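Colleague: I'd like to ask some things about the structure below.
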Amino acid sequence: MNYKLFLCAGLLMNSFAFAKVDIDKQDKIDGVTLKSGKDNSNRTYQGTVEKTFHQPLSGVQAGILNFEAKCNNKYKDKRSYTDKKRDCKYHNENIVESFVIKNIKQSGWTKLNGEIDRFVIGRKIYNRGEFGYYELVTVVESKNTLNQKMITITQRMLSDKEAKIYVDPKFEKDSAFNHSTSQFVLTEIDSNKTLLTFEYKAHTDHWVLNKEVSVPQVFSSISKSINDLVHAIDQESVIQSRNIAAQ
């Protein structure tokens, strides 16, 4: 079983709490802290990492939000909703394509406090089979107790019913995870220094992924995916900061 089949660096997380599960595995791989636990036949995975970028917050934010720039160019011919000739700027092993839908439906949901943007991403994944799902992305601006600016970007996998609240879906959800979320919290330390705290969570009842024996392989895939993502954000934040400085 190739565990990358179920993981990608564009990725995910949800608001289920670890207090509800018994943690039976913990590890730290290449700087990523990993936890997993079970609730009956369901297993939750979590990966977290912190990274300080010596770039402005706006550049790091842009490096996160360029979802369409991350994919595997080897899968160009499998694209259905984006240009098959376009090269993605940053490699992601399992993503065939991502497309951003900014023009979402305006009823059926409530704006969050401090929310500055909300949109939907459609994702197609390939690894020994094709998979797909929609994610809701929210961007919220706030300040911490030190009066530092903070931006929180949350991606959440949508059920078919939830996706219809925002868009007219082109395909149905097909994933080994029941729920998943990614959350990026950016803190502006100073004008050229940004702290990123990233957390990924996923919840599954898949007959392989929910077994304790599978956890080490899944941990390894999560760690690689998160580090690939952080590397892509780092590269794009440098480019964005240079562009701003040149203006």
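Colleague: Which percent of Cα-Cα pairs in the range 3-246 sits in each 10 Å bin, short to long?
Modeller: For the range 3-246, the binned pair fractions read 7, 31, 37, 22, 3, 0 percent.
Colleague: If you stretched the chain out fully between residue 145 and residue 58, how much longer would it get, using 0.36 nm times the residue separation minus the C-alpha to C-alpha distance? Numbers along the way, then the final one.
Modeller: Details: separation 87, 0.36 × 87 = 31.32 nm, distance 2.05 nm.
My answer for the length gained is 29.3 nm.
Colleague: Something else: I need the peptides 75-81, 92-98 ranked by packing, meaning the mean over residues of other C-beta atoms within 10 angstrom, with the highest value on top.
Modeller: So the peptides 75-81, 92-98, ranked by packing, come out 92-98, 75-81.
Colleague: What does the C-alpha gyration tensor say about the overall shape of the range 83-171? Classify as rounded when a/c is under 1.5, otherwise prolate if a/b is larger than b/c, or oblate. Walk me through the numbers on the way to the answer.
Modeller: Values: a/c = 2.43, a/b = 1.47, b/c = 1.65.
Here the range 83-171 falls in the oblate category.
Values quoted throughout were computed directly from the atomic coordinates according to the rules given, and no laboratory measurement underlies them. Owing to the predicted nature of the structure, the values given are computational and were not obtained by experimental measurement. Heads up, the Cβs are rebuilt from the backbone with ideal geometry, glycines too, and the neighbour counts pull from every protein chain shown.
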